[in-house]
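In what follows, a structure is listed as structure tokens, so that the remarks can point back to it.
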Amino acid sequence: MAWLLARTCFPKTIPRDRFSSCKTRAWSKGPLTAYMPEAAAFPEPMDHQGLYQVSVEQTDAFWGALGRSRIMWINPFHTVHCCDLQQGHMSWFLGGQLNVAVNCLDRHVHKAPNKVALIWEKDEPGQEDQITYRELLEMTCRLGNTLKRQGVKKGDRVAIYMPSCPMAVASMLACARIGAIHTVVFAGFSSVALAERIQDAQSETVITVNQGLRGGKVVQLKKTVDEAVKLCPMVKRVFVSKRTEENVPMSDLDIPLEEEMMKEDVTCEPVALESEDFLFLLYTSGSTGKPKGLVHSQAGYLLYTAITHKYVFDYHDGDVFGCVADIGWITGHSYVVYGPLCNGGTTVLFESTPVYPNPGRYWETVERLKINQFYGAPTAIRLLLRYGDDWVKKYDRSSLKILGSVGEPIDTEAWKWYFSVVGDGQCPVVDTWWQTETGGICISPRPSNPGAEILPAMAMRPFFGISPSLLDDKGNVLTQNDISGALCISQAWPGMARTIYNDHQRFRETYLMPYPGYFYTGDGAYRSNKGYYQLTGRLDDVINVSGHRLGTAEIEDVVNKHGAVAESAVIGYPHEIKGEGAYAFIVMKKGFNLSQKNLASELQGLVSKQIAKYAAPEYVQVARRLPKTRSGKIMRRVLKKIVENKAEELGDLTTLDDHEVVKEIIEGHKQLLQEETGQ
Ligand code: WT7
């Protein structure tokens, strides 16, 4: 076995001079080993396709070589992987022990202590802070010591409710250093949603800030935590970092974070963790009401984020990587924090919004920070393209080499604008498909052979180690091209989530049982006649509002708590900017005399309070009944067509119990649209 021999002579350090920071060269010249030196472990010559084949056919050889070369181990692993997708047992790098914080900090401090790790692009433009690897390590160690002194132990869950800021990154890494499991809750979630996550994770510890700043506005984050903590008797301590100068009321549970950190040492012994110990939980929405705490473990996740970050974005030493996602989402975890820091990169922490103080914010930031890879969401691109090209062209974007898109399908118009206006036709656009569950990018145009085509609005090719399959609703694998089906992945990969916290059965039922032997993504996809993938949207009752994933059942659960609501159905409708919006159909209880408009504002308030502002339904339509099958199931498909304004395509209605009600709902929908748009 040639590759086995080759593997043993794998270079210990990666010869940096084999890379080039020149934007055209990286993708256009040289053998494949120039962009993936690990490929040297495999027989040459090998093109992208060859390397991809190795990655899926010789899983152990491929990931073993990467695991050895890209991660610093305290104890080496003895088995690369041992996975059973049927049973839901996925283990990578067994026997290995490591510390993720050491991989993200110490080893880089060793080489280049003064290299910038984080550029904190604060809400106000022009006030960025640079934090070096040494500074971030010191912060992390002081924070780790503080957590330990206050009683946080290995395996404890720590809820982090903070905006994107260095202290939030240090909090994540401090948990990783001492073996605690962090669960970052997006700071746009309401107190009730935060409480639900704290309770599910059984976190005794919360880390937050006194106030947040976003789009020039002060957000009272500590107050939200206070309200959440009232619902969480298990919380023993709340660390409060000072994002602003404002003093906020402090209770017995509250600990001023910076003050305590100042008392601590700048070194903190990293704990040796098993590869499969839990690194973090991240809650995401599914098709039932309760959010799921997806679990990612240490080594596989770290390696997968580092490798995807490096190869999808062609990240080179010295580049400034600008992923503008919030750290509260998986994109922030994988491509603001873990991937870039594991690679020793410089990563931007973006605290603001795409339109603050004006729609040129992103591009002004690109110019000022000299960002090389920009990674954003289609919803923001769609919003900005409406403000016109001048806001882009005003700023120098010549530093840009790659543009990334994530979170939802990017339509051709937005893709073309991104490519030709933002990137001046010079930068490949990588439309990256993945999920909280997948840990990192699974389908994307890069890497691929130099010069390989990228088609607009297509995620294109599977990443190394990913074997996508399309299945029909009977569970048959569709082997041909030019076909659509349910997107599944047929082999485990290192970055995949391992379970749902405290509910492995739900994990199996959601992802592994729908198509036994496969990981089911919940998305539909089309495979073109050239074998390229295009994502076509969710197949379940999950909607995507401005790149934020929401279960319609989650919204229904809240709406149904309103005293006047007898029954509801929340449906996603196409929205020009947000991608999708929530549309609620409500049947009121008898005897309630509330106008549709008043009910709408009450329900919007309720959903904002219980989940988050972005989850509030834009439209609320009162109906006499909901369309149901004779067996009593709501015909969501019919409602979906109505909100898409495709009432003429309702399809087969033979199982519908009451045809009159559909006519009424179509009429009510038209009226509501007229009222809202004033037409
Ligand atoms: C869902 C995952 C991936 C990090 C951010 C969202 C949709 C994501 C794409 C894309 C089409 C996409 C899918 C997926 N999605 N990226 N490039 N093209 N759809 O993570 O909150 O876990 O949501 O977002 O529907 O299942 P998430």
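The values are calculated or read from the model by the stated rules, or taken from the named source; none is laboratory data. Because the structure is a prediction, the values reported are computed rather than measured. Cβ coordinates were reconstructed from backbone atoms using ideal geometry, including for glycine residues, and neighbour counts include every protein chain displayed.
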Of all residues making up region 431-465, the number that are touching a residue at least 40 places away in the same chain (Cβ under 8 Å), more than 8 Å from the ligand (Cβ to nearest atom) and farther than 21 Å from TRP63 by Cβ: 9
Test: residue in region 478-485 that is surrounded by 16 or more Cβ atoms within 10 Å (Cβ to Cβ) and either of a type in the set (Val, Ile, Thr) or within 13 Å of the ligand (Cβ to nearest atom) (or both): no
Odd one out for SER275 among (1) more than 28 Å from LYS122 (Cβ to Cβ); (2) crowded, with 24+ Cβ neighbours inside 10 Å; (3) within 21 Å of the chain's Cα centre (by Cα): (3)
Any hit, region 345-364, residues being within 14 Å of the ligand (Cβ to nearest atom), aliphatic (A, V, I, L, M) and not in a loop (DSSP other than H, G, I, E, B): no
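Restricting attention to region 330-340, does a residue exist that is more than 15 Å from the ligand (Cβ to nearest atom) and hydroxyl-bearing (Ser, Thr, Tyr)?
no
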Hits in region 255-303 - residues which are among the hydroxyl-bearing types (Ser, Thr, Tyr), part of a loop (DSSP other than H, G, I, E, B) and more than 30 Å from ILE571 (Cα to Cα): THR267, SER275
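Could you list all residues from region 466-478 that are assigned to a loop (DSSP other than H, G, I, E, B), touching a residue at least 24 places away in the same chain (Cβ under 8 Å) and not small (Gly, Ala, Ser)?
Start the filter on region 466-478 by keeping residues that are assigned to a loop (DSSP other than H, G, I, E, B), which leaves 466-467, 472-476.
Adding the requirement that they be touching a residue at least 24 places away in the same chain (Cβ under 8 Å) leaves 466-467, 475.
Answer for region 466-478, where residues must be assigned to a loop (DSSP other than H, G, I, E, B), touching a residue at least 24 places away in the same chain (Cβ under 8 Å) and not small (Gly, Ala, Ser): just ILE466.
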Hits in region 495-513 (condition: crowded, with 19+ Cβ neighbours inside 10 Å and of a type outside the set (A, V, I, L, M)): GLY495, ARG498, THR499, TYR501, PHE507, THR510, TYR511
Hits in region 518-541 (condition: near the ligand (Cβ under 7 Å from one of its atoms) and more than 16 Å from SER467 (Cβ to Cβ)): GLY522, LEU535, GLY537, ARG538
In region 615-646, the residues that are small (Gly, Ala, Ser) and either at pLDDT below 90 or touching a Cys at 6+ places or on another chain (Cβ under 9 Å) (or both): SER631, GLY632
Leading residue by the ranking (surrounded by the most Cβ atoms within 10 Å (Cβ to Cβ)) among those in region 376-407 that are basic (Lys, Arg) and either away from the ligand (no atom under 16 Å from the Cβ) or assigned to a strand (DSSP E or B) (or both): LYS401
Region 136-159: number of residues that are aliphatic (A, V, I, L, M) and either surrounded by fewer than 23 Cβ atoms within 10 Å (Cβ to Cβ) or over 27 Å from GLU276 (Cβ atoms) (or both): 1
Scan of region 231-262 for residues that are surrounded by fewer than 19 Cβ atoms within 10 Å (Cβ to Cβ) and among the acidic types (Asp, Glu), ordered by number: GLU245, GLU246, ASP252, GLU258, GLU259, GLU260
GLY126 at positive phi and touching a residue at least 12 places away in the same chain (Cβ under 8 Å): yes
Residue satisfying all of: in region 31-78; charged (D, E, K, R) and buried (at least 19 other Cβ atoms within 10 Å of the Cβ); modelled with the lowest pLDDT among these: GLU38
Qualifying residues in region 408-424 (those that are over 23 Å from the mean Cα position of the chain (by Cα) and either touching a residue at least 60 places away in the same chain (Cβ under 8 Å) or in a loop (DSSP other than H, G, I, E, B) (or both)) - the one farthest from the ligand (Cβ to nearest atom): ASP424
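Residues of region 304-321 being farther than 16 Å from ILE443 by Cα and not in a loop (DSSP other than H, G, I, E, B), which ones?
Result: VAL320, PHE321.
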Single residue of ASN560, ASN593 found to be under 20 Å from TYR614 (Cα atoms) and either hydroxyl-bearing (Ser, Thr, Tyr) or more than 11 Å from the ligand (Cβ to nearest atom) (or both): ASN560
ASP326 of a type in the set (Asp, Glu), within 16 Å of the ligand (Cβ to nearest atom) and under 30 Å from SER69 (Cα atoms): yes
Options VAL248, VAL206, VAL240, VAL219; residue that is hydrophobic (A, V, I, L, M, F, W, C), closer than 30 Å to PRO359 by Cα and free of Cβ contacts under 8 Å to residues at least 60 places away in the same chain: VAL219
Elements of type strands (runs of 3 or more DSSP E) contained in region 56-132, each with 3 or more residues being under 25 Å from the mean Cα position of the chain (by Cα) and closer than 26 Å to ALA170 by Cβ: 116-121, 129-132
